[in-house]
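Right, one structure below, let's go through it.
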Amino acid sequence: MKTVDDAILRIAEYVSEYKIDSTEAYQTARACLADSLGCAILALKYKECSKLLGPVVPGTIVPNGSRVPGTSFILDPIRAAFNIGTMIRWLDYNDTWLAAEWGHPSDNIGGLLALSDFLSQQRIADGKKPLTVHDLLTAIIKAHEIQGGLALLNSFNRIGFDHVILVKVATTAVATHLLGGSKEQIADAVSNAWIDTGPLRTYRHAPNTGSRKSWAAGDATSRGVFLAYLTMQGEKGYATALSAKKWGFYDVLFEGKPFAFQRPFTSYVMENVLFKIAFPAEFHAQTAVECAFKLHPLVEGKLDRIEKIEIETHESAIRIIDKTGPLYNPADRDHCLQYMIAIGLLKGNLTADDYEESESKDPRIDILRDKMHVIENVQYSKDYHDSDKRSIANALTIHFNDGTPSQRIAIEYPLGHRRRHQEGLPLLFDKLRNNLQTQYPETKVKELCELFQDHDRLCKLPINELISKF
């Protein structure tokens, strides 16, 4: 193999050669697939999402094409990847990874599921065996590992890039492998993904926060499938796409510094992935909202007596979701720490509907936001990056106008954290059931929930049969 940049070679070798033997990783990947499909089905409730779905040219149907769960669309795998990826990501309710870079590794499932369904149907048409769900889970674990492993020590948001650049890279690598690509071809495809670079984070921040943040991952995972196909058609790669002097990724964007790696690629990311179980909220705020739920009974009926709400948090939360002033749309609200806490204090719960325009008009929300003071807890910032802890801590204290404070409520690890997986996974399947009930009759919901909780039966199921059930 020609001399290839180390980071590209690491990815290609991992995807083509590494054998996953972690039972925990496969069990967690099963939960991840179930959760992602549930999030996708729930997103169909929202017209702003559903209007983006379907073929580019209305009425197009692809023979033996990829099916889009919950819809009648049968598309080419690239367009299907956009559809499924957008649905999974729309409500900011799918899994999460937090490190130097953050993101949502299950964003890759849009591309991997669409491609696996298409390939399975092609194989059956050719008289061959289809891919199974076990094959899909292997692909998902590897995509998680690439995205999350690169995110551990390398920050793209600090140069203004959106984290979906890593979705593109991860999907490209694993999709090329699914298409039968060699190590060399995987490297070629990944080099093109890095040359693509990534979109700016403009759409995630005021004054330009908008709904693109909800389809950016669908765009990235579909681009990954496209680059994989292009490579398998013979398109060349670029061995020093990262390290080339002046024109390579490192010199153009990273001040000449190569990517840093904390650990080899294994199945670490899937084993430590964070699930959003109880409510849809940007993950840096998850423990803060849990704290707000605990304080809800104390403040109910006493909102006019609150003088100040003190929020202790970590540096990443301050940088991403500490927002004052007007919030213009759901995409703005679900990335505002103060808004999410206010809803938690007012209602004792939080749903996707709480970000909609009608709910945001409650005047009490902004009254509470104006009383909030956000400060960094240095220990929380340190523990956030500690590889043994990976906490996402927040604490809330309510100060009343008679001079008395509430109990300080502090939570280090959110419900979906690895340290709380035993507590959270049963609730994750409750979430799946609730999400599926928004589109399917109870008999179908029961069938799907039972299937996803039977690991052995699910893993043996052909991908095309799984998709047919949706």
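The values are calculated or read from the model by the stated rules, or taken from the named source; none is laboratory data. A quick note: this is a predicted structure, and the numbers were derived from the prediction, not measured. Because the Cβ atoms are built from the backbone with ideal geometry, glycine has one as well, and the counts that use them run over all protein chains shown. We work out accessible area using only protein heavy atoms, side chains counted, and drop any ligands, DNA or RNA first. Shrake-Rupley method; radii C 1.70, N 1.55, O 1.52, S 1.80 Å.
Some observations on this one:
- Contact order relative to length of the stretch 331-405, as percent, for alpha carbon pairs under 8 angstrom and 6 or more apart: 18
- In Hz, Karplus ³J(HN,Hα) per residue of the stretch 2-15 (6.51, -1.76, 1.60; θ = phi - 60°; x = Gly, Pro): 4, 4, 10, 3, 4, 5, 5, 5, 4, 5, 4, 5, 4, 5
- Calculated over the stretch 142-215, the projected area of the Cα convex hull averaged across directions stands at 5.4 nm².
- Vicinal HN-Hα couplings computed from phi for the stretch 410-425 (Karplus, 6.51 cos²θ - 1.76 cosθ + 1.60; Hz; Gly/Pro x): 10, 9, 8, 10, x, 4, x, 6, 3, 5, 10, 4, 4, 6, x, 4
- Whole-Å distance, taken between Cα centres, linking the stretch 306-326 and the stretch 123-185: 35
- Centroid-to-centroid separation of the stretch 36-52 and the stretch 229-301 [C-alpha atoms, Å]: 23
- The alpha carbons of the stretch 151-300 give a radius of gyration and a Dmax of 18.7, 65 Å, in that order.
- Extents of the stretch 1-112, taken as max minus min of Cα coordinates on every principal axis and listed largest first, are 45, 31, 27 Å.
- Between amide H atoms placed 1.01 Å from N, distances below 5 Å from Met372 occur with Ile309, all of them 5 or more places distant or on a separate chain.
- Accessible area per residue, Å², the chain with all protein chains present, probe 1.4 Å: 39
- Global geometry of the stretch 356-418, whether rounded, prolate or oblate, following the gyration tensor of its Cα atoms and the 1.5 cut on a/c: oblate
- Whether the stretch 398-445 is rounded, prolate or oblate, judged on the alpha carbon gyration tensor where a/c under 1.5 counts as rounded: oblate
- Whole-percent carbon and sulfur share, accessible surface of the stretch 20-163, 1.4 Å: 55
- Estimated Rh, the stretch 25-67: Kirkwood, alpha-carbon pairs, angstrom: 12.7
- Each 5 Å bin from zero up to the one holding the largest Cα-Cα distance in the stretch 209-292 carries the following percent of pairs: 3, 10, 9, 10, 18, 22, 14, 8, 5, 2, 0.
- Accessible carbon and sulfur surface of the stretch 232-328 relative to its total accessible area, %, 1.4 Å: 51
- D by Stokes-Einstein for the chain, Kirkwood Rh over Cα pairs, 25 °C, 0.890 mPa s: 108 µm²/s.
- Volume per residue of the convex hull around the Cα atoms, evaluated for the stretch 229-385, comes out as 199 Å³.
- Rounded to 0.05, the FRET efficiency of the Leu230 and Asn64 pair, given R0 = 25 Å and the Cβ-Cβ distance, is 0.75.
- Rounded to the nearest whole Hz, the Karplus-based 3J(HN,Hα) values (6.51 cos²θ - 1.76 cosθ + 1.60, θ = phi - 60°) of the stretch 136-153 follow the sequence 5, 4, 4, 4, 5, 4, 5, 5, 4, 5, 5, 4, x, x, 5, 6, 4, 10, with x at glycine and proline.
- Computed Rg/Rh of the stretch 300-389, alpha carbon atoms with Kirkwood Rh: 1.00
- Between the stretch 334-361 and the stretch 83-113, the alpha-carbon center distance in angstrom: 22
- Average Cα contact separation per residue, the chain, under 8 Å, 6 or more apart, as relative contact order %: 19
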